[in-house]
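Beneath this line is the structure, given in structure tokens, with notes to follow.
The values are calculated or read from the model by the stated rules, or taken from the named source; none is laboratory data. Quantities reported herein were computed from a predicted structural model and do not represent experimental measurements. Ideal geometry is used to build each Cβ from the backbone, glycine not excepted, and the neighbour counts take in all protein chains shown. With ligands, DNA and RNA removed, areas are computed over all heavy atoms of the protein, side chains included. Shrake-Rupley method; radii C 1.70, N 1.55, O 1.52, S 1.80 Å.
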Amino acid sequence: MRINAIINRIIRQFFRDKRTLALLILAPILILTLMNYVFSEQDTKLDIGVQNENIQKTLSSLEKEENVFIITKEEADIKFKNQELDAYIKNDKNNINVIINGSDSSINMKAMNVIKGAISKKMPNQANAPKLNIDNYYGSNDMETIDYIGPVLIGLFIFFFVFLISGVSFLRERTTGTLERLLATPIKRYEIVLGYLIGFGIFTIFQSTIISAYSIWVLDIYNAGEIGLILLITVIIALCALSFGMFLSSYANNELQMIQFIPLVILPQVFLCGLFSVRTMVEPLQFISKFMPLTYASKSLNDVMICGASFMDILPSLGILLTFTVVFAILNILALKKHRIW
């Protein structure tokens, strides 16, 4: 009888907590559906530049599947910098030199495979075939998987842990009555949000500095950019996560409900932020990824660490991240209105 009483109590708790009940069923369905589309790669056309018509004829078998066009080396440099070119091929006496973009490991692998396949198909006699030299425009030929995904992981871990800690901490301020006491004073809501952002932000600066330094100097993750730019990006990522976590905590009644937001708002960003090649995903997912903060966080870090981008190059992505931060802060101020007792 006592066991039955415990079972009945748990069942009643679940039916009273509709959010937890829905999460048990809907969250796995959502994530599995998302994974199905993420890992069902669409046929992405490569943009391959060639030096002359002879090379274009060598790659004639690719012209139906890929975009192959003749451009000069100077034009190729511009397209590489604008991320509009996946590979450039030029010949030098008996050699064929291939320059791969180098910023996306999935695209790099596909480009190398299709180019090697087209050349071997055109020149099956290996004895007379020209020597094939492959080099990276960004990064280096010695880069490993961790070097490609390292920038994404740095941004992801900073965003996730700041989001979780700030959300739970701000929620605790509410559940312990501290926030209500503050709201009972003449202090304004925007002052509370700004105060928490600055207060928590001080510690996120230390976190960002330590994680970035450890990743680059201890783990030896490839970095072609300035460390100051990386620190700036990670601090902005942390502030965005801080603002986001504080906002969502306004809609949670306990720590469990705060954690329940993770499969709904964090996991989709993990899949769409660049950890897996977004370019090879179906177009609806590519469109959705543009509305996620982690997409711009990952892009900024990837551009700096792998491509050696300057501050002006990443300014648009940083502007979008700061916009997300401001929007979440404003929403948080509006959400606090329901907790004000006068």
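In this rough spin-label picture, where each label sits 7 Å from Cα along the Cβ direction, the Ile210-Val327 distance is 3.2 nm.
Which of the residue pairs Lys116/Lys290; Lys110/Lys299; Lys57/Lys131; Lys73/Lys290; Lys64/Lys290 have a Cα-Cα distance greater than 27 Å in the structure shown?
With Cα atoms farther than 27 Å apart: Lys116/Lys290; Lys73/Lys290; Lys64/Lys290.
How about segment 39-91: which GluC sites (Glu not before Pro) there lie in a loop by DSSP and see at most 14 other Cβ atoms within 10 Å? Mind dumping the intermediate values first?
Numbers: sites: Glu41, Glu53, Glu63, Glu65, Glu66, Glu74, Glu75, Glu84; in loops: Glu41, Glu63, Glu65, Glu66, Glu84.
Filter output for segment 39-91: Glu63, Glu65, Glu84.
Dividing the helix sum by the residues of the chain, where each DSSP H run of 4 or more adds -39500 (n - 2.57), gives a mean residue ellipticity at 222 nm of -20000 deg cm²/dmol. Relative to one another, the C-alpha centroids of segment 1-69 and segment 221-277 are positioned 19 Å apart.
May I ask you to order 303-313, 255-265 by the average number of other C-beta atoms within 10 Å around their residues, highest value first? Don't jump to the answer; show the numbers that get you there.
Working: 303-313: 19.4, 255-265: 16.3.
Per-residue mean Cβ counts within 10 Å order the peptides as 303-313, 255-265.
What accessible area per residue, rounded to a whole number of Å², is obtained for the chain using a probe radius of 1.4 Å? Display every interim value, and only then the final one.
Working: 18220 Å² over 342 residues.
Per-residue value: 53 Å².
Over the chain, what percent of the accessible surface lies on carbon and sulfur atoms, probe 1.4 Å?
Values: 11490 of 18220 Å².
The C+S portion of the solvent-accessible surface of the chain is 63 percent.
Going by a ≥ b ≥ c, the root eigenvalues of the Cα gyration tensor, does the chain fall in the rounded group (a/c under 1.5), the prolate group (a/b larger than b/c) or the oblate group? Verdict is prolate for the chain.
Helix 145-175 axis versus longest C-alpha principal axis of the chain: approximately 10°, rounded to the nearest ten. Across segment 186-342, Cα pairs under 8 Å and at least six residues apart give a relative contact order of 35 percent.
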